[in-house]
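Here is the structure we will look at, set down as structure tokens.
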């Protein structure tokens with residue numbers, strides 16, 4: 001039997017005051033922190049995207065709050081959301097910092113400075129930044145063990161620590177740990193700068209680069225949140241333009257890295273000789289390592305940009321390695337430029353077709369409402385319906401279904417009803433064959449906030465199942481008894497009782513989708529499965545007793 005909590009305002013407040021007086025400040029503070037950090041939140045854009053309604057989010061909160069897994073970060077919690085945003089910025093810092101440090105502050109540079117008896121403390125300072133980034137990545141890796149995940153195959157949020165650990169250990173744990181341990185800095189700090197200078201730093205840089213690649217999930221997370229927060233076509237285009245600029249600058253930075261790393265791998269410390277002593281690579285011709293860092297970066301970036309835009313002076317290239325790199329990156333630059341242009345044009349023309357259609361439909365709706373002089377309150381309801389129905393992307397659902405085979409159309413139309421009934425406790429053990437008979441007789445309806453679905457003391461001819469949304473159940477005196485959410489049902493008392501009268505008024509709190517089952521169909525199906533009738537009867541009796549208790553308390557208070 002489902003446990004329904006009475007939320008009658010006056011009576012419930014008295015209970016809360018008594019309970020709050022017994023709670024310590026520490027307990028209230030702990031409860032507040034858990035609520036905001038660990039549990040699902042409707043302010044996390046992913047929660048409404050996957051769970052669809054505020055009622056479903058509240059059920060998810062209650063499920064975790066009263067379970068033994070309250071300490072697990074819900075994947076749709078604000079704590080997880082804030083951490084993912086933070087890790088996105090760490091990801092961006094790593095993307096730019098790692099190749100720059102590898103190119104200009106590596107073990108080869110330390111080796112040359114030690115050979116010349118010069119100060120190399122600035123290289124040690126850059127390693128401290130590496131240590132900080134590695135520690136953050138390590139914390140993030142171990143944080144996955146206390147973070148739930150959404151299983152798309154079952155449409156459920158997994159919060160069991162054993163299941164979470166098993167999944168992470170079998171996917172990316174060892175890669176994340178290997179690429180996050182600060183081995184390079186450990187050697188430098190424990191064995192000294194001389195031992196560090198003898199290391200092959202390219203292996204560690206490869207690990208850092210791979211770590212950045214493996215954590216592209218944070219880039220996707222921020223893009224997802226940005227898209228769901230902004231509904232206009234301009235916002236999506238601006239996001240893609242910004243992404244193009246970031247990707248292009250990253251390509252330039254890594255071109256600088258490879259332009260410096262390959263000569264270092266081949267020539268070693270000979271690159272640090274001045275131009276008059278030997279002529280090998282562009283690195284030596286430009287005397288890169290005899291400039292300060294900003295001039296080094298400026299010269300290297302200009303060299304990379306020249307290669308990408310096809311402005312390389314081929315007559316100045318002497319070294320074979322430089323020649324091969326110039327050919328490679330000039331062709332890569334042409335390809336990237338053409339790709340970015342095509343990609344951006346596609347963004348303008350094709351990427352927002354559905355959103356553009358939705359904007360056109362809403363413009364037509366505004367013109368229609370203006371012409372018909374529809375009042376403001378009704379305009380708001382129409383706008384809210386269109387946004388809820390299409391989610392800013394217009395599509396012709398009926399036209400899509402008409403192209404499908406009849407059997408598949410029937411299966412799709414029945415799937416939502418079957419899923420709804422199966423999630424209801426009364427029907428969980430009912431065979432699929434019986435559920436199919438129910439779904440064939442159910443009719444879909446939609447209600448807006450403040451819409452009265454059924455009214456007390458009226459004749460009841462149907463019962464309702466909540467697909468999504470929240471409804472309020474109140475007495476004939478408008479005293480709220482309870483709130484019902486996704487998967488709940490109401491109206492069964494009128495079908496079971498002899499007088500067929502509604503005992504309560506049900507009002508939509510949010511936009512609510514319902515499935516209605518008529519009395520005739522209900523009786524016809526229920527006769528072949530008496531267990532369902534017995535369960536419904538028990539729930540109806542419990543609700544009726546609750547109503548009598550509330551009405552009795554109202555009389556006593558008055």
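Read-outs: derived from the displayed coordinates by stated rules, not from any lab. The structure displayed is predicted, hence computed values, not measured ones. A quick note on method: Cβ atoms are made from the backbone with ideal geometry, for glycine too, and the neighbour counts reach across all protein chains shown.
State the extension gain, in nm to one decimal, for the chain segment bounded by residue 436 and residue 175, taking 0.36 nm per residue of separation less the distance between their alpha-carbons.
Roughly 89.3 nm would be gained on extension.
For the residue pair residue 63 and residue 316, what label-to-label distance in nm results when each label sits 7 Å from Cα along the Cα-to-beta-carbon direction?
According to this spin-label approximation, the distance is 6.3 nm.
Between residue 302 and residue 136, what is the label-to-label distance in nm when each label sits 7 Å out along the Cα-to-Cβ direction?
Between residue 302 and residue 136, the simple spin-label model gives 3.2 nm.
Arrange 373, 492 by Cβ neighbour counts within 10 Å, fewest through most, would you? Could the numbers behind the result be given before it?
Working: 373 6, 492 22.
The order, fewest Cβ neighbours first, is 373, 492.
Given the Cα-Cα distance of residue 33 and residue 524 and 0.36 nm per residue of separation, how much length would full extension add, in nm? Walk me through the numbers before you get to the answer.
Details: separation 491, 0.36 × 491 = 176.76 nm, distance 5.07 nm.
Taking 0.36 nm per residue and subtracting the Cα distance, the gain is 171.7 nm.
Quick one: 339, 196, 97, fewest Cβ neighbours within 10 Å first, how do they rank?
In order of increasing Cβ crowding within 10 Å: 339, 97, 196.
By count of other Cβ within 10 Å, fewest leading, how are 291, 372 ordered?
With the sparsest Cβ surroundings first, the list reads 372, 291.
Let me have the relative contact order for segment 411-557, percent, based on Cα pairs under 8 Å that are six or more residues apart.
29
Calculate the spin-label point distance for residue 346 paired with residue 121, positioning each point 7 Å from the Cα along the beta-carbon direction, and give it in nanometres.
Each label point lies 7 Å from its Cα, and together they span 5.3 nm.
Set the Förster radius R0 to 51 Å, insert the Cβ-Cβ distance between residue 501 and residue 166 as r into 1/(1 + (r/R0)^6), and round the FRET efficiency to 0.05. Can you show the working numbers first?
On the way: r = 54 Å, r/R0 = 1.06.
Rounded to the nearest 0.05, the efficiency is 0.40.
Looking at the square roots a ≥ b ≥ c of the eigenvalues of the Cα gyration tensor of segment 478-558, which shape do they give, rounded for a/c under 1.5, prolate if a/b is larger than b/c, or oblate?
Since a/c reaches 1.5 but b/c is at least a/b, the shape of segment 478-558 is classed as oblate.
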